[in-house]
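*Asks:* Structure incoming, see below.
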Amino acid sequence: MKILVINSGSSSLKFQVIDSESEEVLVKGLCERIGIDGIFTYRTDKVSIKEPVAMKNHTEAVNTLLEALTDSEKGIINDYSEIDVIGHRLVHGGEKFTGSVVVTDEVIEAMTECNDLAPLHNPANLVGVDACRKLMPDTLMVGVFDTAFNQTMEPKAYLYGLPYRYYEKYKIRRYGFHGISHKYVSQRAAEFMRQDPKDVKTIVCHLGNGASISAVKYGKVVDNSMGFTPLEGLVMGTRCGDVDPGALEFLAKKENLDFPQIMAILNQESGVLGISKNFSSDFRELKDAEIKYNEKAALAREIFAYKVAKYVGSYAAAMNGVDNIVFTAGVGENDSDIRQEICNYLGFLGITIDELKNREQAEAVRISEGTSRVNVLVIRTNEELEIARETAEVARQAGIS
Ligand code: ADP
């Protein structure tokens, strides 16, 4: 079946059309600057387009992509009806969604109830859903949640040390994010190593601009470093990760800041950007600067690597062992130096890295030596493919083949 995968953000909408049988990507594209001016990117194996197209809102963005898909020259289908099902990436499903679902009015209502939990992401996702429903009312829509894979965490992992009543009243707990990536990568690692995911303990380090680590034991998440929001855990590009709330009260008093101002600092001005004294949140630029003896850039990378290693160590303890450690996402896939630096802390687990393998660029590669007690892998994440797979599965259950 042909699946249209949609990842809708506040001013952008990424899309792919994937053939679920061959898993071939037929079209890949992006509507950017929606509501501002509009840039449309569209690629197939025959055409590559990037052009300004006015898109006032998400409905116009979806309309633009549908017109391109059915265009006689650049298109890949004759009619919308050739799209069998649409899979939407949905960020926050709260505790309600433990797997992918057909998008119904009830699902939209339940998601709207989660808007408070992800005010930047969920409403933007729903706008994308709404636009597709308007233009393709007869097409089945499936929602794939970024929080669903993490819903196997036990209370000991997801509860904060806060009064229990706040969990009961407001569902304040750790949810974990990047679940679609953690699922895809942990399963791909097992497949690559010819293991059954149900037999192995895997730690996935999703290190991008946003970064999270998960512990996946026998196919199920036991922990994820992100929390109630995607702010907790690792030091990230611009997000602070774990920080003592007491320091925030102190800062608020000293600088006379209110909560929204504090949150803006934690989300946008912190992480490696903040540590490097606003030099950059981009790990490539930090590396270039480190070579030129920029001390704060070097410190930012050092803190990042140290924190990742600490989480890996704690997750090995949480699972009482680890078989595979996997690096993925922008930094994890491309920055061999940071991988080496992280692994330098992990000798106690019997890990040794093959320097040449660590510099290889591939969809999947094992970078640990054959004698290493733990397999260390680099695997390119593919969230769109995971969404397409889950969407196909739900569609099959709904009677579409
Ligand atoms: P997100 O999806 O969270 O925006 P990505 O997974 O796309 O993030 O990762 C973006 C990050 O990847 C950027 O900070 C960039 O510095 C880093 N990155 C990309 N390519 C390289 C590279 N070759 N070396 C080091 N870092 C890289």
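Every number here is computed from the coordinates shown, using simple stated rules; none is lab data. Because the structure is predicted, anything quoted here is derived from the model rather than measured. Glycine gets a Cβ as well: all are built from the backbone with ideal geometry, and neighbour counts include every protein chain shown.
*Asks:* Using packing as a proxy for protection, rank 207-218, 25-36 so that the peptide with the highest average count of other Cβ atoms within 10 Å comes first.
*Replies:* Output ranking for 207-218, 25-36: 207-218, 25-36.
*Asks:* Please list the non-local residues whose amide H lies under 5 Å from the amide H of Val27, H modeled 1.01 Å from N, same-chain partners needing a gap of 5 or more.
*Replies:* Counting only residues 5 or more places away or on other chains, the set is Val17.
*Asks:* Going out from 0 in 5 Å bins, what whole percent of all Cα-Cα distances in segment 105-227 drops into each bin?
*Replies:* 2, 10, 17, 18, 17, 15, 12, 8, 2, 0
*Asks:* Sticking with this structure for a sec: May I ask for log10 I(q)/I(0) of the chain at q = 0.08, 0.11, 0.13 Å⁻¹, from a Debye sum over the Cα atoms as equal point scatterers with solvent left out?
*Replies:* -0.45, -0.87, -1.20
*Asks:* Between Leu377 and residues 5 or more places away or on another chain, which pairs have amide H atoms under 5 Å apart, with H built 1.01 Å from N, and which residues are they?
*Replies:* Distant-sequence amide H within range of Leu377: Ile325, Val326, Phe327, Ile367.
*Asks:* Here's a follow-up. Connecting C-alpha atoms closer than 10 Å in a GNM of the chain, tell me which of Val312, Val243, Val374 has the biggest fluctuation.
*Replies:* Of Val312, Val243, Val374, the Gaussian network model singles out Val243 as fluctuating most.
*Asks:* If the chain between Asp19 and Ile49 were fully stretched, how many nm would it gain, using 0.36 nm times the residue separation less the Cα-Cα distance?
*Replies:* 8.7 nm is the gain from fully extending Asp19 to Ile49.
*Asks:* Further, regarding this structure: If you average the C-alpha positions of segment 320-340 and of segment 35-53 separately, how far apart do those two centres end up, in angstrom?
*Replies:* 33
*Asks:* Tell me, what is the FRET efficiency for Glu60 and Ala264 to the nearest 0.05, using R0 = 25 angstrom and their Cβ-Cβ distance as r?
*Replies:* On the way: r = 30 Å, r/R0 = 1.20.
My answer for the efficiency is 0.25.
*Asks:* Follow-up question, since we're still on this one. Nearest 500 deg cm²/dmol is fine: what mean residue ellipticity at 222 nm does the chain get from its DSSP H runs of n ≥ 4 alone, each adding -39,500 (n - 2.57), divided by its residue count?
*Replies:* -11500 deg cm²/dmol
*Asks:* Are there GluC sites (Glu not before Pro) in segment 243-308 that DSSP marks as loop and that have at most 16 other Cβ atoms within 10 Å, and which are they?
*Replies:* Glu269
*Asks:* What percent antiparallel are the DSSP beta bridges of segment 273-401, to the nearest 5?
*Replies:* Counting DSSP beta bridges with both partners in segment 273-401, the antiparallel share is about 50 percent.
*Asks:* Given C-alpha coordinates of segment 66-156, what is the ratio Rg to Rh with the Kirkwood estimate of Rh?
*Replies:* Taking Rh as the inverse mean 1/r over Cα pairs, Rg/Rh reads 1.07.
*Asks:* How far, in nm, would the chain grow between Arg165 and Ile291 when pulled straight, counting 0.36 nm per residue and subtracting the alpha carbon separation?
*Replies:* 40.3 nm
*Asks:* Mean separation of Cα pairs under 8 Å and 6+ residues apart, divided by the residue count of the chain: what relative contact order is that in percent?
*Replies:* 14
*Asks:* Let me ask something else. Counting only Cα, what are the radius of gyration and maximum Cα-Cα distance Dmax of segment 258-302, in Å?
*Replies:* Spelled out, the Cα radius of gyration and Dmax of segment 258-302 are 11.6, 38 Å.
*Asks:* Could you work out how far the C-alpha centroid of segment 342-401 sits from that of segment 206-284, in angstrom?
*Replies:* If you average the Cα positions of each part, the centres end up 24 Å apart.
*Asks:* Treating cross-link reach as a plain straight distance, find the aspartates and glutamates whose alpha-carbon is under 19 Å from the alpha-carbon of Lys254, omitting any fewer than eight places away in the same chain.
*Replies:* Asp244, Glu269
*Asks:* What shape does segment 222-343 take by its C-alpha gyration tensor, where a ≥ b ≥ c are the square roots of the eigenvalues and a/c under 1.5 counts as rounded, a/b above b/c as prolate, and the rest as oblate?
*Replies:* oblate
*Asks:* Something else now. Under a 10 Å cutoff between Cα atoms, tell me which one of Ile76, Ile203, Ile367 has the largest fluctuation in the Gaussian network model of the chain.
*Replies:* Ile76
*Asks:* While we're here: Let me check against my output: what whole-number percent is the relative contact order of segment 1-55, with C-alpha pairs under 8 Å and at least 6 apart?
*Replies:* 24
*Asks:* Comparing Arg133, Arg174, Arg239, which has the greatest mean-square fluctuation in the GNM of the chain with Cα pairs linked when under 10 Å apart?
*Replies:* Highest fluctuation of the listed residues: Arg133.
*Asks:* Against the longest principal axis of the chain, how steep is helix 122-135, in degrees 0 to 90 to the nearest 10, with axes from Cα atoms?
*Replies:* 20
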